[in-house]
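Quick notes on the structure that follows.
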């Protein structure tokens, strides 16, 4: 268990019970996911209580129900100076970018411009190892087995990032398509396919096809100078500030800057399937590849958890899906040293909880906050966060 969990575990349940009782939820009992939602005042009181419990500096959340934004709220501060975090504060989207990028890809699939199962060898104008960033793969023809489906389901066989390798070189750890192993490197290649095979400017396509479509005026795949006036810096697990990184290059793996108002619009649009054919929308959320790993990170550890199969934990395209008594639930997280983001969606209700934080310690409150708002969904927190201790028998 990490120091984050150790520091809060003993106080977590009593304080949560008190918080829930104070906001007129049902004490410490859990509500089945899909039931009636708590009101805005209850949500806000619970969020503030949990933030106090884990010393979280800033948090923004949005609640979507029936595909409509029902509640947007912000709490705390955006930087070490103590400026308030508002609904227009620019925050780092981190790996939530991957789902937005997958949404773009599925628009192209629906238009017949891209085949998810075509080998990238048949899509790219020249062999992958001939590109400067991929010379490490020369002599290993397994790159030819890569497809957009494999890349978007994190089954490329690569480490998350090549800089995590002892020698800093990109290599296959297993044959593509065999198992789930989270990899930003795979999304880099998916972006290369759109740029080289289709001649697209991914930053421009994301702006016009996704951000503009949903009215996201304060979201970009690249740093914008106007963001500086209301910008969130991060806070690390020890509470030290982490300056916001001005990302000047478009990255499908995670360069999106955004605010909570825009993220509310994005996820409402995704659950409504705006801009996608019904077939593309269904394919994006369909369980593509069973996930057997005990935890999501580290990505290449061979440990497995048979309990994953009891909820059909699986990779969708740019997200993760599972089955519960409420039906299909899907989710996506985003993380760096000073960022903790999470989106959890109940499919049949078109209901999502979107949580952005400029404090990585917020990940410690997300299980309780999600349960208090959405009810008990069976969300596999122990797989997402390896420090989390599930109930007996849970995944």
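Is it fair to say residue 296 is under 25 Å from residue 328 (Cβ atoms), in contact with a strand residue (DSSP E or B) (Cβ under 7 Å, 6 or more places away or on another chain) and either touching a residue at least 12 places away in the same chain (Cβ under 8 Å) or surrounded by 18 or more Cβ atoms within 10 Å (Cβ to Cβ) (or both)?
Taking the combined requirement at face value, the residue does not satisfy it.
Here are some residues: 215, 254. Which one is touching a residue at least 40 places away in the same chain (Cβ under 8 Å), at positive phi, surrounded by fewer than 23 Cβ atoms within 10 Å (Cβ to Cβ) and within 19 Å of the chain's Cα centre (by Cα)?
When all the criteria are applied, what remains is 254.
Would a scan of segment 236-247 turn up a residue that is part of a loop (DSSP other than H, G, I, E, B), within 29 Å of residue 314 (Cβ to Cβ) and at pLDDT 95 or above?
no
Considering segment 281-297 alone, what residues qualify as being farther than 14 Å from residue 382 by Cβ and either under 16 Å from the mean Cα position of the chain (by Cα) or assigned to a helix (DSSP H, G or I) (or both)?
Result: 281, 282, 283, 284, 285.
I need the full set of residues from segment 78-115 which are crowded, with 19+ Cβ neighbours inside 10 Å and either modelled with pLDDT under 95 or assigned to a strand (DSSP E or B) (or both), in order please.
90, 91, 92
Pull up segment 154-184, narrow it to residues that are touching a residue at least 60 places away in the same chain (Cβ under 8 Å) and closer than 16 Å to residue 97 by Cβ, then point me to the one that is surrounded by the fewest Cβ atoms within 10 Å (Cβ to Cβ).
So the residue we want is 160.
Looking at residue 186, is it in contact with a helix residue (DSSP H, G or I) (Cβ under 6 Å, 6 or more places away or on another chain) and under 22 Å from residue 287 (Cα atoms)?
Here the answer is yes, as residue 186 does meet what is asked.
Restricting attention to segment 223-253, which residues are more than 26 Å from residue 56 (Cα to Cα) and out of contact with any helix residue (DSSP H, G or I) (no Cβ under 6 Å at 6 or more places or on another chain)?
224, 225, 226, 248, 249, 251
The values are calculated or read from the model by the stated rules, or taken from the named source; none is laboratory data. Since this is a predicted model, take the numbers as computed values, not measurements. Cβ atoms come from the backbone with ideal geometry, glycine included; neighbour counts cover every protein chain shown.
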